[in-house]
Amino acid sequence: MKRRRLLGTAAVTGALAGCLDGFWVDGTASDSSHDRTVTDSVGAGGDADPNRNQTRGESENETDGEAETEQTVAQQFDCESARRPSCDVEAGEYVFEAGDTAYETVGTVAYPKPPDEVTESTALIFAKDHERSYQQNADVCPENETITSYTATVPATETFDWYDDIFVVRLELMVGVEYRDHDSDVVDIGDLSSAAVYAIDETGAARVETDHHQEPADPIESGELVTCF
């Protein structure tokens, strides 16, 4: 399983490790609300490789001088294959004491609703909100008795014009987490970082994880469908 680069204490690896088998569900859009608020700063855009700005999705074989119509996100995947980490864990479901302090565990969060209209701006907002939920659920589902605090910010984003009607967004996520040590009941603090690239249009969203210093991968070519709208 590919997970995130650890920036904080090594103990986080043990606390947040664990396979997510059994915590993945189909990504059919839900009507559940998404009311999380996090302050973000958007980093400067720009494509390190100018050749990657070439529009994708057009066939090299043209008929009568016209390129083939670009397929939608949903057309390039099977909606039944859409998946993302999800389980039902209520905040405060577990309570424990460490020293003189009582702690409550955090719960899972709802995924954002699809945008009413998909534009570059709404695609960016959806990608940030979805990634926060994705990572929190990925951590809380297998460790629902240990995590007592979870905060996520998006310090940098970047967009790419690889397709005509599909918006491609790369974002970095920084996570601060407090968790219960299984052996000592001491609450430790850790910092995690991750990066992901989304491809979003009116039909759904695909996602691929990437490295902070890695050339962004194309979610259509090497990612997975996370939801159909």
Mind checking which residues of the range 118-143 are touching a residue at least 40 places away in the same chain (Cβ under 8 Å), within 15 Å of Asp201 (Cβ to Cβ) and out of contact with any Leu (no Cβ under 9 Å at 6 or more places or on another chain)?
Val118, Thr119, Glu120, Ala123, Phe126, His130
Apart from one, (1) in contact with a helix residue (DSSP H, G or I) (Cβ under 6 Å, 6 or more places away or on another chain); (2) in contact (Cβ under 8 Å) with a residue 60 or more places away in the chain; (3) under 30 Å from Glu68 (Cα atoms) all hold for Val197; the odd one out is (2)
For the structure I just gave you, tell me whether Thr72 is of a type in the set (Val, Ile, Thr), within 16 Å of Leu225 (Cα to Cα) and out of contact with any helix residue (DSSP H, G or I) (no Cβ under 7 Å at 6 or more places or on another chain).
yes
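Could you tell me which of the residues Val154, Val175, Val169 is modelled with pLDDT under 95, in contact with a strand residue (DSSP E or B) (Cβ under 8 Å, 6 or more places away or on another chain) and hydrophobic (A, V, I, L, M, F, W, C)?
On the way: Val154 fails: modelled with pLDDT under 95; Val169 fails: modelled with pLDDT under 95.
After applying the criteria, what remains is Val175.
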One residue from Thr101, Thr148, Thr63, Thr69 being hydroxyl-bearing (Ser, Thr, Tyr), touching a strand residue (DSSP E or B) at 6+ places or on another chain (Cβ under 6 Å) and at pLDDT below 95:
Thr148
So if I check each of Ala110, Ala152, Ala91, Ala98, which one is crowded, with 18+ Cβ neighbours inside 10 Å and either out of contact with any helix residue (DSSP H, G or I) (no Cβ under 6 Å at 6 or more places or on another chain) or under 30 Å from Asp201 (Cβ atoms) (or both)?
Ala152
Among the residues of the range 171-188, the number that are in contact with a helix residue (DSSP H, G or I) (Cβ under 9 Å, 6 or more places away or on another chain) and in a strand (DSSP E or B) is 7
Residues satisfying the stated conditions in the range 178-229, i.e. farther than 28 Å from Thr119 by Cβ and either of a type in the set (A, V, I, L, M, F, W, C) or modelled with pLDDT of 95 or more (or both)
Val186, Val187, Ile189, Leu192
For the range 207-226, indicate whether the set of residues that are closer than 20 Å to Tyr150 by Cα, assigned to a strand (DSSP E or B), in contact with a Gly (Cβ under 6 Å, 6 or more places away or on another chain) and not β-branched (Val, Ile, Thr) is non-empty.
no
Within the range 139-157, identify whether any single residue is in contact with a Ser or Thr (Cβ under 8 Å, 6 or more places away or on another chain), more than 24 Å from Ser86 (Cβ to Cβ) and outside any strand (DSSP E or B), and answer yes or no.
no
Take the range 104-123 and flag every residue that is outside any loop (DSSP other than H, G, I, E, B), in contact with a strand residue (DSSP E or B) (Cβ under 9 Å, 6 or more places away or on another chain) and more than 23 Å from Glu143 (Cα to Cα).
Glu120, Thr122, Ala123
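The values are calculated or read from the model by the stated rules, or taken from the named source; none is laboratory data. Computed from a prediction, not measured in an experiment: that's the story for all the values here. Every residue, glycine as well, gets a Cβ built from its backbone with ideal geometry; the counts of neighbours run over all protein chains shown.
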